[in-house]
Amino acid sequence: MLPFDQRTGKIWYDGSLVDWADARLHVLSHGLHYASSVFEGIRVYGGTPFLLREHIARLGSSARVLDFDLEYGEEELYEATLAVVAEAGITEGYVRMNAWRGSEIIQTAALHTSVHTSVAAWELPEGYYAATDALEKGISLVTGRYRRPSPEYAPVKSKAAGNYMIGTVSKNEALRAGFDDALLLDDRGNFVEATGAHLFFTRDGALHTPTTRCTIEGITRACVLALAEREGIACTVGDLPPSFTAEADGAFLCGTACEILPVSRIDDHYYDVGGNEVLRRIVTGYRELVDGRAAVPAGVRIR
């Protein structure tokens, strides 16, 4: 895959479209040194960014959690994203939106730094997030050694770059051990999520998912919950200890990048992906949403 800093095209950077190679920041930017940076990832289906306004709203909320405000309003970011996607001629792709503190000062406090924003987009190749046959065969997960911190100890409700350090280390370790991803526990020892996606289990025709006490409010997770309600599938949100893997009859991850991704193994416990009817209904329902064949349920409106 071509490195991202060597690609061509246009990126929206602080109010205007610039050449891809010119969308740069200084090495002494506060966001690089102190993780004062937030981001969003948005999927593009049929040339249209999916749930774009919800992602933009969450970007603003994430920035406020880190004690800064975006320099651009939601409508301007909405139009900027459409412009970037159109400029790139993307049909099936991905948008990455970032906001970060600038380089006026390099120390922990940063009350008077500037705030910068960028929007980039690219086509998604097959197998970008998981193997091309992952939807049929599922992926394998291992419980990671690091835990998501309590909301009392970190700004866990922000989609902040710094909150993904644990995920990067954990997924690296999972891949080296022969797994596809890692599952993270919270400070109390219960499941939270994978390194970049939310977790659902199936059991006896119903869904079970961890609370979001220690993580962001997932937009795709909200889609799944709304789909389950519409389909008449019961869903319990609560604390799920690692022992729940043996009680469940299936599992899947959900997120903007991975969509709905079946899980065939967690640690030493295996699931039958092909025979899971609840999983099939959720996968089908989500595909109808992103393809525009069904209306997005009102419950997905995260603000």
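The values are calculated or read from the model by the stated rules, or taken from the named source; none is laboratory data. Nothing here was measured: the structure is a model prediction, and the numbers come from that model. Cβ sites come from the backbone with ideal geometry, for glycine too, and all protein chains shown count toward neighbours. We work out accessible area using only protein heavy atoms, side chains counted, and drop any ligands, DNA or RNA first. Shrake-Rupley method; radii C 1.70, N 1.55, O 1.52, S 1.80 Å.
C214 fails exactly one of the following numbered conditions: (1) assigned to a helix (DSSP H, G or I); (2) under 18 Å from P151 (Cβ atoms); (3) of a type outside the set (D, E). What is the number of that condition?
(1)
Give A120, A110 a once-over and let me know the one that is under 21 Å from W20 (Cα atoms) and either surrounded by 15 or more Cβ atoms within 10 Å (Cβ to Cβ) or of a type in the set (F, W, Y) (or both).
A120
Which condition number does T132 fail, the rest of (1) over 23 Å from R58 (Cα atoms); (2) buried (at least 19 other Cβ atoms within 10 Å of the Cβ) being met?
(2)
Quick check: anything in segment 103-116 modelled with pLDDT of 95 or more, under 30 Å from T48 (Cβ atoms) and more than 18 Å from the chain's Cα centre (by Cα)?
Checked against the condition, which is being modelled with pLDDT of 95 or more, under 30 Å from T48 (Cβ atoms) and more than 18 Å from the chain's Cα centre (by Cα), segment 103-116 yields at least one hit.
Take V192 and decide whether it is among the aliphatic types (A, V, I, L, M), part of a helix (DSSP H, G or I) and either modelled with pLDDT of 95 or more or within 28 Å of S170 (Cβ to Cβ) (or both).
no
Answer yes or no as to whether Y286 is aromatic (F, W, Y), closer than 25 Å to K159 by Cβ, modelled with pLDDT of 95 or more and surrounded by 14 or more Cβ atoms within 10 Å (Cβ to Cβ).
Yes: the conditions hold for Y286.
If you check every pair at least six apart or on different chains, which have Cβ atoms under 7 Å apart with a residue in segment 138-167 that is touching a residue at least 60 places away in the same chain (Cβ under 8 Å) and over 28 Å from D272 (Cα atoms) first and a residue that is outside any loop (DSSP other than H, G, I, E, B) and acidic (D, E) second?
K159/E40
Kindly list, by first and then second residue, each pair from a residue in segment 262-284 that is touching a residue at least 12 places away in the same chain (Cβ under 8 Å) and under 13 Å from V142 (Cβ atoms) to a residue that is open to solvent by 40 Å² or more (accessible area, probe 1.4 Å) and among the β-branched types (V, I, T), limited to pairs with Cβ atoms under 8 Å and residues at least 6 apart or on different chains.
I266/T143; D267/T143
Select from segment 148-183 the residues that are of a type in the set (D, E, K, R) and surrounded by 18 or more Cβ atoms within 10 Å (Cβ to Cβ) and write down the one among them that is farthest from F68 (Cα to Cα).
Only one residue fits best here, namely D180.
Tell me which residues, restricted to segment 257-281, are within 17 Å of A194 (Cα to Cα), in a loop (DSSP other than H, G, I, E, B) and open to solvent by 30 Å² or more (accessible area, probe 1.4 Å).
Listed by number, the residues that qualify are A257, D267, D268.
Restrict the check to segment 85-106 and report whether at least one residue is open to solvent by 80 Å² or more (accessible area, probe 1.4 Å) and farther than 21 Å from A257 by Cβ.
So far as segment 85-106 goes, yes, one or more of its residues are open to solvent by 80 Å² or more (accessible area, probe 1.4 Å) and farther than 21 Å from A257 by Cβ.
Of everything in segment 20-56, what is open to solvent by less than 10 Å² (accessible area, probe 1.4 Å), in contact (Cβ under 8 Å) with a residue 60 or more places away in the chain, over 13 Å from V115 (Cα atoms) and of a type in the set (A, V, I, L, M, F, W, C)? Give them in sequence order.
Passing the criteria: I42, V44.
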